[in-house]
Amino acid sequence: MSSHDIVVVGSGHNGLVAGAYLAAAGRRVLVLERNGWFGGGVVTRELTVPGFRHDQHAMAHIFIQANPLLAADELKLKAKYGLRYVFPDPPMMSVFEDGTTLAIYRDRERTCAEIAKFSRKDAEAYRRLATQAAAWLPMVAATLYTAPAPQGASFAMLDQSREGQEFWRIVQMSTHDVLCEYFEHDQVRMHFARIAGENLVSPDEKATGLGVFVFVGFMEAYGIGVPIGGSGRLTDALIACIKDFGGEVLANIDVARVLTKNGRATGVVTTKGEEYEARDAVIGAIHPHHLGRMVEGIDPEIVRAAEATQVSPVACITIHAALKAPLRFKTGPQVRAVMIELLPNRYEQLRRSFDDLRYGGLSQYPLVGLGSLTMFDPSRVPEGRATMHAWDYVPYKRADGRSWDETKRDYAEHMLKHMSGFIENVGPDDILKYHCDSPVDMERTSSSFQGGDLHGIATSTYQSGSHRPTPELGQFTVPGIERLYLVGPFQHPGGGVFGAGRATAVKLAEDLKINLPIK
Ligand SMILES: Cc1cc2nc3c(=O)[nH]c(=O)nc-3n(C[C@H](O)[C@H](O)[C@H](O)COP(=O)(O)OP(=O)(O)OC[C@H]3O[C@@H](n4cnc5c(N)ncnc54)[C@H](O)[C@@H]3O)c2cc1C
């Protein structure tokens, strides 16, 4: 049996972040990955034609920018291990069917000028919204990279001041209700509703209202980070750091179970029966639906609650295309942003598309978003070429009972046809080759993405903060099983490139009574 201090199950960026902090603190770390490649949702691969590097899942590194991991470069991922970002401005832009565009810039006044093209009153309202978002940002950011405070105590604290009550009111409102309170113009409302929809929720869902403030606050303060060389450069930097401190990261090793002895995690066993001892602790990317079968001896009530966690009805389908030439938008060359949303002319149409998903159907109007990051980082393709990463929302289970393996190609063609209404060169003659991932493919690439939910489980309030994924599992630990720690998008603060493994490492270090290199 091989022996290490810490065994990490899964090489997603969160497991790697946790492993890297512990390796830097002097622990012998081993990371085991089921796939033949590393990174889980943070990976860059040649999915189409040799020389074209595609971010298979996450492409926009937003929330990790405020994490001290990068903000203070605590592990020297930037200074020593080659991680480099550019921050294109505007980070995000909507393109409407009628050819009008609306961008969010990092500079508030530039965004106001954009919104004033549609409504001067809404430009003024945006100024108020962005001011509020900036005021709340430090408080929000302070909760993202540490273990969550208890829900009850947090709400009780908010209830003690006018400002706290206003924050709590917004938290409980739907995005739609918030947008109607601030804005009058249909397209302005839709632009912000689509941004909130990136969290896999309809704007009409209650308790989603804060999302717009968090997004605007982050856009102004940090923008969207685009890693030079691809999203997987973050994974590469973390692996280089772990190895530099004597750790190992191994591919093609599928962990079947966490081994326990006397209520304490002691290692793992693989599907091939190989055992790896963990002297100090096991860190696992274990989805709550799998916890009961991967770890013996957990209280059945805890397992039941974990299995009852809900995934979003809004699953994702993606197209990765190798293009002969950079995208040409019909409305003109001003369309240049990290995230570009293709939108109808009427907001109601967007809301109805989310309703279609709620009932398990395909959206009448595709909710296509895209990124063509070779606009900002041509190193990812041969000279003069480009990539495109487009996504749309679909149900995980098709209402017609057909499998996604059988139908994804047809759906991808439907998406491309829809996109050709906005873009001149996405036809068969313009695309060298494309790769499509259905929600089922996503689940195959990482067990985090159950049901095609790219956030692991839905981001509803009852599955957020210290109740994510459940109240018992909300502190990255498993009651009754000592020295087992959890990482994943289904844990606080949720899906996305947050570098949340830092909080898990902090918790583990407190239990081991060791110091981490944190500032
Ligand atoms: C299509 C798509 C687009 C996205 N776009 C963005 C974006 O632009 N910006 C953003 O912030 N977020 C985005 N996300 C979300 C983001 O990718 C994830 O939230 C994030 O990658 C989760 O990281 P993680 O380390 O927690 O888990 P994962 O990345 O899921 O990693 C878990 C790893 O553990 C491995 N594993 C699990 N179980 C075992 C086992 N038993 N044995 C061995 N290995 C195991 C898996 O194979 C996987 O490699 C996107 C996700 C998807 C699917």
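In table form, for the structure just shown:
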{"read-out": "Neighbour-count order for W136, W168, fewest beta carbons within 10 angstrom listed first", "value": "W168, W136"}
{"read-out": "The chain: relative contact order in percent, alpha carbon pairs under 8 Å with at least 6 residues between", "value": "25"}
{"read-out": "Environment charge at L238 (Cβ cut-off 14 Å; Lys +1, Arg +1, Asp -1, Glu -1)", "value": "0"}
{"read-out": "Whole-Å distance, taken between Cα centres, linking region 369-389 and region 229-278", "value": "32"}
{"read-out": "Simple spin-label estimate for D186 and A135 in nanometres, 7 Å along Cα-Cβ", "value": "3.3"}
{"read-out": "Neighbourhood net charge (10 Å Cβ-Cβ; Lys/Arg +1, Asp/Glu -1) for V269", "value": "0"}
{"read-out": "Packing-based ranking, highest mean first, of 170-183, 227-240 given that Cβ atoms within 10 Å are counted", "value": "227-240, 170-183"}
{"read-out": "Test item: Cα-centred dipole of the chain, Lys/Arg +1 and Asp/Glu -1 on Cβ, debye", "value": "800"}
{"read-out": "Filtered GluC sites (Glu not before Pro), region 362-428: DSSP coil and at most 10 other beta carbons within 10 Å", "value": "E383"}
{"read-out": "Size of region 420-475 as Cα extents on the principal axes (Å, biggest first)", "value": "54, 25, 15"}
{"read-out": "Principal-axis tilt of helix 13-24 within the chain, Cα atoms, nearest 10 degrees", "value": "50"}
{"read-out": "Restricting region 281-361 to chymotrypsin sites (Phe, Trp or Tyr not before Pro) in coil, as DSSP defines it, with at most 16 other Cβ within 10 Å", "value": "Y359"}
{"read-out": "Order of E277, E74 under a 10 Å beta carbon neighbour criterion, fewest first", "value": "E277, E74"}
{"read-out": "At most 16 other Cβ within 10 Å, DSSP loop - trypsin sites (Lys or Arg not before Pro), region 266-303", "value": "K272"}
{"read-out": "Model label zone, R84; criterion: amide N under 11 Å from point 7 Å along Cα-to-beta-carbon; scope region 218-238", "value": "228-229"}
{"read-out": "Hz values of 3J(HN,Hα) by residue in region 274-280 - Karplus curve (6.51, -1.76, 1.60), Gly and Pro given as x", "value": "6, 10, 10, 7, 10, 5, 9"}
{"read-out": "Lys, Arg +1 and Asp, Glu -1 on Cβ, resulting dipole of region 243-378 about Cα centre, debye, nearest 20", "value": "700"}
{"read-out": "Listed residues T146, H191, M294: farthest to the positive end of the dipole of the chain (Cβ charges)", "value": "T146"}
{"read-out": "Net charge contributed by nearby residues that have their C-beta within less than 11 Å of Y396 (K/R +1, D/E -1)", "value": "0"}
{"read-out": "Whole-number percent relative contact order across region 1-117, with pairs defined as alpha carbons under 8 Å at least 6 apart", "value": "14"}
{"read-out": "Pairwise centroid distance, computed over Cα atoms, of region 300-320 with region 36-95, Å", "value": "25"}
{"read-out": "Nearest 10 degrees, 0 to 90: helix 347-358 Cα axis against the chain principal axis", "value": "40"}
{"read-out": "Dipole moment magnitude, nearest 20 debye, region 158-245 about Cα centre, only Lys, Arg, Asp, Glu C-beta charged", "value": "280"}
{"read-out": "Length released on extending from A149 to A71, taking residue separation times 0.36 nm less the Cα-Cα span", "value": "25.9 nm"}
{"read-out": "Computed [θ] at 222 nm, helices only, for the chain once each DSSP H run of length n ≥ 4 contributes -39500 (n - 2.57)", "value": "-10000 deg cm²/dmol"}
{"read-out": "Extension gain, E348 back to E482 (0.36 nm per residue minus Cα-Cα distance, nm)", "value": "43.2 nm"}
{"read-out": "Selection from Y393, G451, Y434 lying farthest towards where the dipole of region 352-456 points positive, charges on Cβ", "value": "G451"}
{"read-out": "Per-residue Cβ neighbour rank within 10 angstrom, fewest leading, H467, H191", "value": "H467, H191"}
{"read-out": "Relative contact order [Cα under 8 Å, 6+ residues apart], region 109-238, whole percent", "value": "27"}
{"read-out": "Hypothetical label at W168: residues of region 133-151 whose amide nitrogen lies under 13 Å (7 Å Cα-Cβ projection)", "value": "151"}
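Read-outs: derived from the displayed coordinates by stated rules, not from any lab. Every value quoted in this text rests on a predicted model; they were computed, and no experiment measured them. Positions of Cβ are generated from backbone atoms using ideal geometry, with glycine treated the same way; all protein chains shown enter the neighbour counts.
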